[in-house]
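Engineer: Here you go, one structure.
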Amino acid sequence: MPGNKNPKTRKQQSEATHRLLLENARKALKKRGFAATTIREVAESAGVATGTVMAHFGSKEEMLYEVLHHDINNIAEVVFASAKPDLPVCKSLQFIGESFLKEYASEPDLYANFLEHSLFARGTWGDRFTEQVEQVGGQVAAILSAAVQRKELHTNTDIRAATMTFFANYYFVLIIQIKCRFADVDAGVTQLRMLVEHQIEGLKR
């Protein structure tokens, strides 16, 4: 049409609305928490109808899940982009775990709230969070495999088992931090460092 050289497609409009809703949902959840946040509040802050919010998320719980999923993707992207490839394997794994913990601690109430509601999600969102963990796990496994090739770790190291052990240690610390709402994240970081160091020492034998 004349005078409209760059019209937005329906898909582009939908994606822009979705980003706007995610941003406003995150603000509401941070300010009021999951229990007090309402679909109407998010709709009003975004300048859309409540039906639009429901069309994009389906429910308040799914809205929370999507905000957290989006945040974790962003955190993981930053963490792995800033990880130094020449670090020893122990330092690399410590850096990954610490970076996630410190990021959560930067907005403690928000992330404690998010994680409390979603850590054991089921159904479609449970599958999506599992897939997300597996993607991070793939990068952890790559770090461990590279360490074996560099002879930092024993040649018989079971990469899958080592990856699972790293996550077991990380989630052990994470759950403790969620319970105290990341009030003592430095203690959590110290604990994780010790656990990872112990794990890696065992893999060198």
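Engineer: When segment 112-122 is examined, which residues are found to be more than 10 Å from TYR65 (Cβ to Cβ) and assigned to a helix (DSSP H, G or I)?
Structural biologist: Those that are more than 10 Å from TYR65 (Cβ to Cβ) and assigned to a helix (DSSP H, G or I): ALA112, ASN113, LEU115, GLU116.
Engineer: Going through segment 146-186 one residue at a time, which ones are over 17 Å from GLU103 (Cβ atoms), of a type in the set (Gly, Ala, Ser) and within 23 Å of the chain's Cα centre (by Cα)?
Structural biologist: ALA161, ALA162, ALA168
Engineer: Within segment 53-75, is there a residue that is of a type in the set (Val, Ile, Thr) and outside any helix (DSSP H, G or I)?
Structural biologist: no
Engineer: Then there's this: Anything in segment 82-93 that is under 16 Å from ALA146 (Cα atoms) and either part of a helix (DSSP H, G or I) or in the same structural domain as THR37 (by TED's automatic domain parsing) (or both)? List them, or say none. Give the derivation first.
Structural biologist: To start, the set of residues in segment 82-93 that are under 16 Å from ALA146 (Cα atoms) comprises 83-93.
The answer is VAL89, CYS90, LYS91, SER92, LEU93.
Engineer: Name the single residue, out of those in segment 86-107 being in contact (Cβ under 8 Å) with a residue 60 or more places away in the chain and over 14 Å from the mean Cα position of the chain (by Cα), that is farthest from HIS198 (Cα to Cα).
Structural biologist: PRO88
Engineer: Among the candidates VAL79, VAL136, single out the residue that is in the same structural domain as ARG193 (by TED's automatic domain parsing), of a type in the set (A, V, I, L, M), without any contact (Cβ under 8 Å) to a residue 40 or more places away in the chain and under 30 Å from LYS204 (Cβ atoms).
Structural biologist: Every option except VAL79 fails the conditions.
Engineer: So if I check each of GLU103, GLU98, which one is among the charged types (D, E, K, R), surrounded by 13 or more Cβ atoms within 10 Å (Cβ to Cβ) and in contact with a Leu (Cβ under 7 Å, 6 or more places away or on another chain)?
Structural biologist: Going through GLU103, GLU98 in turn, just one is among the charged types (D, E, K, R), surrounded by 13 or more Cβ atoms within 10 Å (Cβ to Cβ) and in contact with a Leu (Cβ under 7 Å, 6 or more places away or on another chain): GLU98.
Engineer: Determine whether segment 134-148 contains at least one residue that is farther than 22 Å from GLU62 by Cα and polar (S, T, N, Q).
Structural biologist: Looking through segment 134-148, at least one residue is farther than 22 Å from GLU62 by Cα and polar (S, T, N, Q).
Engineer: So which residues in segment 25-55 are more than 21 Å from the chain's Cα centre (by Cα), crowded, with 16+ Cβ neighbours inside 10 Å and either of a type in the set (A, V, I, L, M, F, W, C) or outside the structural domain of SER14 (by TED's automatic domain parsing) (or both), if there are any at all?
Structural biologist: Matches in segment 25-55: ILE39, VAL42, ALA43, ALA46, VAL48, VAL53.
Engineer: Report yes if VAL79 is buried (at least 17 other Cβ atoms within 10 Å of the Cβ), of a type in the set (Val, Ile, Thr) and farther than 28 Å from ARG150 by Cα, otherwise no.
Structural biologist: Answer is no for this residue.
Engineer: Let me ask you something else. Among the listed residues LYS102, LYS30, identify the single one that is at pLDDT below 95 and in a helix (DSSP H, G or I).
Structural biologist: On inspection, the qualifying residue turns out to be LYS30.
Engineer: Looking only at residues in segment 118-133 that are buried (at least 17 other Cβ atoms within 10 Å of the Cβ) and without any contact (Cβ under 8 Å) to a residue 60 or more places away in the chain, which one is farthest from THR190 (Cα to Cα)?
Structural biologist: ALA121
Engineer: Among the numbered conditions (1) in contact (Cβ under 8 Å) with a residue 24 or more places away in the chain; (2) closer than 25 Å to GLU77 by Cβ; (3) touching a helix residue (DSSP H, G or I) at 6+ places or on another chain (Cβ under 6 Å); (4) surrounded by fewer than 19 Cβ atoms within 10 Å (Cβ to Cβ), tell me where PHE167 comes up short.
Structural biologist: (3)
The values are calculated or read from the model by the stated rules, or taken from the named source; none is laboratory data. Treat the numbers as computed from the prediction; the structure is a model and nothing was measured. Cβ coordinates were reconstructed from backbone atoms using ideal geometry, including for glycine residues, and neighbour counts include every protein chain displayed.
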